[in-house]
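Down below is the structure, laid out as structure tokens.
Coordinate-derived values only; no laboratory data. Small disclaimer: the values here were computed from a predicted structure and weren't measured. Counting neighbours? That spans all protein chains shown, and the Cβs are built from the backbone with ideal geometry, glycine included.
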């Protein structure tokens with residue numbers, strides 16, 4: 001069986017209105033996350049950063065502590081693995097890669113979940129949102145103690 005691997009990220013940023021998630025509409029029409037094929041000699045993280053930059057113009061800060069893999073079989077029988085990381089960025093300005101991306105939006109968690117086309121993409125965003133939320137909480141107090 002032929003296998004392919006792509007890498008990308010759930011890119012988010014904090015705003016005055018809360019966390020916003022980047023989603024992209026591919027030229028083929030579906031809404032998803034920035035991602036693309038690994039090139040020879042690249043690591044997963046290098047591929048994710050390159051693809052985010054190429055597709056959206058965004059220079060992201062990748063967090064490889066979050067890694068989520070989606071696997072599926074394409075109509076031609078190729079088995080595809082897509083590795084997603086978490087990523088942040090300071091700047092909301094984007095520039096869509098005209099060959100692949102038709103539109104880029106920054107949406108709230110709820111709106112991003114509603115907009116994406118595929119259920120497995122919703123699951124990635126849900127898990128990344130849990131991860132982002134857990135990083136914002138203060139560390140747990142040791143057992144038997146409580147904050148003053």
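So between residue 111 and residue 16, what do we pick up on full extension, going 0.36 nm a residue minus the alpha carbon distance?
Details: separation 95, 0.36 × 95 = 34.20 nm, distance 1.65 nm.
Once the chain is fully extended between residue 111 and residue 16, it gains 32.5 nm.
Hey, fewest Cβ within 10 Å first, where do 111, 76, 91 land in order?
The order, fewest Cβ neighbours first, is 76, 91, 111.
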Check your understanding: Expressed as an acute angle from 0 to 90° and rounded to the nearest 10, what is the orientation of the C-alpha long axis of helix 44-56 relative to the principal long axis of the chain?
Key -> 80
Check your understanding: Which residue, 115, 53, 130, tops the fluctuation ranking in a GNM of the chain built on C-alpha contacts under 10 Å?
Key -> 130
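Multiply the residue gap between residue 39 and residue 81 by 0.36 nm, knock off their C-alpha separation, and tell me the result in nm, one decimal place. Don't skip to the answer; put the middle values down first.
Details: separation 42, 0.36 × 42 = 15.12 nm, distance 1.43 nm.
Fully extending the segment from residue 39 to residue 81 adds 13.7 nm.
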Point to revise | Highest-MSF residue in the chain out of 97, 17, 26 [GNM, Cα springs under 10 Å] | key: 17
Exercise for review: Please grab the % of Cα pairs in the range 49-119 that end up more than 14 Å from each other.
Suggested key: 72
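Give me the extension gain from residue 92 to residue 72: residue separation times 0.36 nm, minus the current Cα-Cα distance, reported in nm with one decimal. Intermediate results must be reported in sequence, preceding the final value.
Values: separation 20, 0.36 × 20 = 7.20 nm, distance 3.13 nm.
Separation in residues times 0.36 nm, less the Cα-Cα distance, equals 4.1 nm.
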Revision key, fill the gap. Expected max-MSF residue from 83, 11, 69 in the GNM of the chain (alpha carbon, under 10 Å) is 69
Exercise for review: Mind pulling up the Rg/Rh value for the range 1-140? Radius of gyration and Kirkwood radius, both on Cα.
Suggested key: 0.95
Review point. Helix 119-136: angle to the longest alpha-carbon principal axis of the chain, degrees 0 to 90, nearest 10?
Key: 30
**Study point:** Label-to-label distance, nm, for residues given as residue 1 and residue 53 (7 Å Cα→Cβ offset)
**Key:** 3.4
Review point. Which residues in the range 69-106 have a backbone N closer than 13 Å to a point placed 7 Å from the Cα of residue 30 along the Cα-to-Cβ line?
Key: 70-76, 80-82
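In which sequence would 38, 1 go, from the one with the fewest C-beta neighbours within 10 Å to the one with the most? Don't skip to the answer; put the middle values down first.
Details: 38 19, 1 6.
Neighbour counts put them in this order, fewest first: 1, 38.
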